[in-house]
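Comments concern the structure below.
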Amino acid sequence: MINKEVANVQEALKGVTDNMVLMFGGFGLSGIPENAIAQLVKLGIRGLTCISNNAGVDDFGLGLLLQKRQIKKMISSYVGENEEFERQMLSGELDVELIPQGTLAERCRAAQAGFPAFYTPAGYGTEVAEGKETREFNGKMYVLEHAFKADFAFIKAWKGDAAGNLIFKGTARNFNPVMCGAAKITVAEVEELVPLGTLDPNQIHIPGIFVQRIFQGKHYEKRIEQRTVRQKD
Amino acid sequence: MLDKIGIAKRLAKELKDGYYVNLGIGIPTLVANYVPEGIAVEFQSENGVLGMGPFPFEGEEDADVINAGKQTITTLPGASFFDSALSFSMIRGKHVDLTILGAMEVAENGDIANWKIPGKMVKGMGGAMDLVASAENIIVAMMHTNKEGESKLLKRCTLPLTGIGCIKKIVTNLAVLEITEKGFKLLERAPGVTIEEIKNATEGTLIIEGLIPEITF
């Protein structure tokens with residue numbers, strides 16, 4: 001077994017410096033690497049380019065990095081829930097690149113899988129395709145999109161082991177698996193770091209080869225963004 | 001005239017047995033409440049769930065089980081979770097049978113605009129561009145006019161596009177329309193709405209052939 005376990009979040013984030021390109025798993029606030037984000041705030045690392053489907057809310061998720069003006073550029077598909085984000089975007093302090101959600105996922109997966117680029121129909125004929133190579137296949141037009149290049153990927157999983165194997169839970173899976181191995185260094189934080197041999201190899205979602213560092217997160221708030229319920233009849 | 005629930009009920013008639021369906025945020029989400037008796041459909045949410053169920057009972061919410069609107073949901077027997085790349089493989093690979101989404105504008109050539117108003121805060125397109133670029137069966141659910149009373153069914157979209165030539169059908173508070181090569185073909189009118197009213201609320205070419213029945217549920 002190749003041991004990927006690190007003692008804590010401080011060790012896990014070693015080597016992260018200003019102006020890096022970072023990937024963050026999560027959809028909304030679900031499945032975000034809470035401990036890695038908190039540590040980035042603590043370290044005060046600045047000038048970051050963040051690849052993440054969303055940008056958190058004002059006081060949680062990537063919103064915490066925005067509050068401290070640590071983010072230079074966001075690459076996302078939807079950013080609607082954050083006032084500080086809006087202020088920084090409209091004032092020009094924050095550079096924002098909005099791309100289709102499926103394209104975002106596939107640009108991660110392409111980096112993970114070793115594809116330099118791929119064609120997608122998403123965004124053809126819209127401003128998203130401006131300046132990009134397009135090509136016709138079987139009578140339909142496609143846009144060439146490139147794999148991301150990132151320094152670190154911060155992943156949140158449900159369970160993991162010291163070999164770096166990961167299992168996700170529910171829709172907290174989202175972008176996390178496709179970002180594993182899509183950056184130079186993948187840092188996974190898990191709710192439960194279980195003893196080696198307890199995870200059934202049949203049930204592993206991401207094999208440890210895609211993960212360089214793994215640690216158990218100290219605390220998870222797991223905040224719900226839109227609490228919707230129904231009444232019992 | 002239909003209210004939002006009326007639009008959702010009419011849209012529910014488009015569901016067919018065996019369909020996998022992606023519902024957008026807003027009116028489309030309501031369609032899940034009116035699945036016709038006796039048919040089996042499964043709802044896909046692009047954040048990574050197939051077989052979405054109703055909202056959870058109070059106290060049973062799970063931060064790890066949400067829909068694309070970030071709302072807490074439940075899953076039904078037979079449901080599955082998956083990552084974002086596989087989710088869009090379902091969409092891009094045309095495995096999803098029906099997509100229902102909202103719009104700011106639809107043009108008579110099938111173009112749709114629903115993600116950006118220049119000069120205003122742009123929230124992003126989310127999965128909408130992937131959905132409209134790939135799905136073959138796309139229905140738009142929206143009000144016929146905007147808050148200023150201006151038509152949302154246009155000759156050409158004025159706002160930045162989400163996708164081109166992709167919309168097939170529109171269900172509004174006033175009518176059901178099909179997009180044809182000649183323009184918006186009126187199929188049905190909402191209860192109590194006259195053809196004249198629909199004409200006045202439609203900027204694009206409106207094609208009226210024969211008797212136009214009232215919408216029934």
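Every read-out reported here was derived from the displayed coordinates using simple, explicitly stated rules and does not represent laboratory data. Keep in mind that this is a model prediction, so the values were computed, not measured. For neighbour counting, all protein chains shown are included, and Cβ atoms are generated from backbone atoms with ideal geometry for every residue, glycine included.
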Averaged over the residues of B:45-51, the number of partner chain Cβ atoms within 10 Å of each residue's own Cβ comes to 5
Links exceeding 19 Å between C-alpha atoms in this model, out of A:218/B:70; A:132/B:152; B:13/B:169, come to A:218/B:70; A:132/B:152
Of the residues B:137, B:110, B:87, the Cα lying farthest along the dipole of segment B:4-207 towards its positive end, which is defined by charges on the beta carbon of Lys, Arg, Asp and Glu, belongs to B:110
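Can you tell me the dipole magnitude for segment B:4-207 around its Cα centre, using point charges on the Cβ only (Lys, Arg +1; Asp, Glu -1), in Debye to the nearest 20?
Working: 21 positive and 25 negative charges, 151 e Å.
The dipole magnitude comes to about 720 debye.
With a sphere of radius 12 Å drawn around the Cβ of residue A:16, what net charge do the other residues whose Cβ falls strictly inside it have (Lys, Arg +1; Asp, Glu -1)?
Details: positive: A:14, A:42, A:46, A:184, A:213; negative: A:11, A:18, A:151.
Around residue A:16, the surrounding residues sum to +2.
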For peptide A:164-175, the mean count of other chain Cβ atoms within 10 Å per residue Cβ is 6
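Treat every Asp and Glu Cβ in the protein assembly as shown as -1 and every Lys and Arg Cβ as +1, leave all other atoms uncharged, and give the resulting dipole magnitude about the Cα centre to the nearest 20 debye. Show your work: numbers first, answer last.
On the way: 48 positive and 56 negative charges, 142 e Å.
So the dipole magnitude of the protein assembly as shown works out to roughly 680 debye.
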Listed residues A:83, A:106, A:130; largest mean-square fluctuation, Gaussian network over chain A with Cα springs below 10 Å, found at A:130
With DSSP loop assignment and no more than 16 other C-beta atoms within 10 Å, the trypsin sites (Lys or Arg not before Pro) in segment B:1-60 are B:13, B:16
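If each residue of separation counts as 0.36 nm, what is the full-extension length gain between residue B:79 and residue B:181 once their alpha-carbon separation is subtracted?
Difference between extended and current length: 32.8 nm.
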Residues A:146, A:219 in order from fewest to most other beta-carbon atoms within 10 Å are A:219, A:146
Computed on Cα atoms, Rg of segment B:4-207 relative to 2.2 N^0.38 Å comes out at 1.03
Note, segment B:60-67: 3J(HN,Hα) by Karplus (6.51, -1.76, 1.60, θ = phi - 60°), whole Hz, Gly/Pro = x, goes 10, 5, 10, 4, 8, 9, 9, 9
The ratio Rg/Rh over the Cα atoms of the protein assembly as shown, Rh being the Kirkwood inverse mean 1/r radius, stands at 0.99
With the charge dipole of segment A:1-111 built from beta-carbon charges (+1 for Lys and Arg, -1 for Asp and Glu) about the Cα centre, the Cα from A:102, A:45, A:66 projecting farthest to the positive end belongs to A:45
Taking the dipole of chain A about the Cα centre (Lys, Arg +1; Asp, Glu -1; charges at Cβ), the one of A:26, A:186, A:126 that reaches farthest to the positive side is A:186
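Based on the alpha-carbon gyration tensor of segment A:105-233 and its eigenvalue square roots a ≥ b ≥ c, which shape applies: rounded if a/c is under 1.5, prolate if not and a/b is larger than b/c, or oblate?
Note, shape of segment A:105-233 comes out oblate.
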Per GNM of chain B with C-alpha springs under 10 angstrom, the most fluctuating residue out of B:104, B:121, B:129 is B:121
